[in-house]
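The values are calculated or read from the model by the stated rules, or taken from the named source; none is laboratory data. Since this is a predicted model, take the numbers as computed values, not measurements. Cβ placement follows ideal geometry from the backbone for every residue including glycine, while neighbour counts extend to all protein chains displayed.
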Amino acid sequence: MNASLAPGLYIVATPIGNLGDLSPRASQILLNADIVAVEDSRVTAGLFRHLGAKGRMTPYHDHNADAVRPGLVARMGQEVVALVSDAGTPLISDPGFKLVRDARAAGHAVTTVPGPCAAIAALTLAGLPTDRFLFVGFLPSKQQARAEAIAEVAGIRATLILYESGPRLGACLAALAEGLGDREAAVAREITKKFEECVTGSLSQLADRYAEAPPRGEIVVIVAPPGEAAPATAEDGEAALLEALTRLPAAKAAGEVAKKLGLDRKTLYARAIALKN
């Protein structure tokens, strides 16, 4: 067991490009861990070269996680086990959450060492609303499944954050424009690196830009929330009131519809009484 750190699981965020973003605390834990669970040892080996050390690594990824996880959890009782992804914060679009879940179930301490995250970094670059946002991850590659996934989030009043690969970017942006409308958006890539860029515009403009010239590497797409919904009409109120009256008394039905649609409660209540009679 490492004398300077308590045993358990340490979730360690690593740089998404610029190695200078590795925190001193993250460096200390990686250098002193008994074992570091990594997505790709070739990638994390470069980080250890930056630290001037040879890390004690073991692979932990989608293809071997179920087989490797029990052994890692067993070691946490006496050893320091660190978890890293290839870049950024572990557990974001990777299988790490199961390791955290099982570590907690076994009674081991779980410590997070926060740091870089491509999703949050791109959100800060985009210049779009940040008060409420939803991380969508990667959309499905097949056209129908992708359209269904977009439809699920179309009405959510929040900025959307998606991950995408360069070759699929143009098709992804075109599908977003079709499913969400031509909202404002941003495409961020090479974040924290020399050629970092964040291109903004409407979804259709960005789709045209990248249709024939897909960028390299992994991409973060940020999409603005939907515009303000049109005010509810009297017809909207009538329809909602009729539905509510099938399950609620007049007063509660009027209150529910008033809150949902922003209409006058007294008017709705009078109408509800008339409909009841």
Check: Do we have Ala174 as buried (at least 17 other Cβ atoms within 10 Å of the Cβ), in contact (Cβ under 8 Å) with a residue 12 or more places away in the chain and in contact with a Leu (Cβ under 7 Å, 6 or more places away or on another chain) here?
Finding: no
Check: Looking at the range 229-237, is at least one residue crowded, with 18+ Cβ neighbours inside 10 Å and closer than 28 Å to Asp86 by Cα?
Finding: no
Next item on the list: Give the number of residues within the range 213-267 that are within 30 Å of Ala171 (Cβ to Cβ) and without any contact (Cβ under 8 Å) to a residue 60 or more places away in the chain.
Entry: 9
Next item on the list: Residue by residue through the range 194-214, note down the ones that are out of contact with any Leu (no Cβ under 6 Å at 6 or more places or on another chain) and either crowded, with 18+ Cβ neighbours inside 10 Å or not in a loop (DSSP other than H, G, I, E, B) (or both).
Entry: Glu197, Val199, Thr200, Gly201, Ser202, Ser204, Gln205, Asp208, Arg209, Ala211
Check: Limited to the range 102-153, what total is found for residues that are touching a Gly at 6+ places or on another chain (Cβ under 7 Å) and not in a helix (DSSP H, G or I)?
Finding: 6
Note to self: Looking at Ala253, Ala258, can you tell me which residue is outside the structural domain of Arg132 (by TED's automatic domain parsing), over 29 Å from Arg132 (Cβ atoms), of a type in the set (A, V, I, L, M, F, W, C) and not in a loop (DSSP other than H, G, I, E, B)?
What the structure shows: Ala253
Next item on the list: Working only within the range 194-213, note down all residues that are in contact with a helix residue (DSSP H, G or I) (Cβ under 7 Å, 6 or more places away or on another chain) and more than 20 Å from Leu128 (Cβ to Cβ).
Entry: Ala211
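Residue by residue, here is whether (1) at negative phi; (2) surrounded by 13 or more Cβ atoms within 10 Å (Cβ to Cβ); (3) part of a helix (DSSP H, G or I); (4) under 21 Å from the mean Cα position of the chain (by Cα) holds:
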site: Thr44; (1), (2), (3), (4): yes, yes, yes, no
site: His61; (1), (2), (3), (4): yes, yes, no, yes
site: Asp66; (1), (2), (3), (4): yes, no, yes, no
site: Ala74; (1), (2), (3), (4): yes, yes, yes, no
site: Val81; (1), (2), (3), (4): yes, yes, no, no
site: Phe97; (1), (2), (3), (4): yes, no, yes, yes
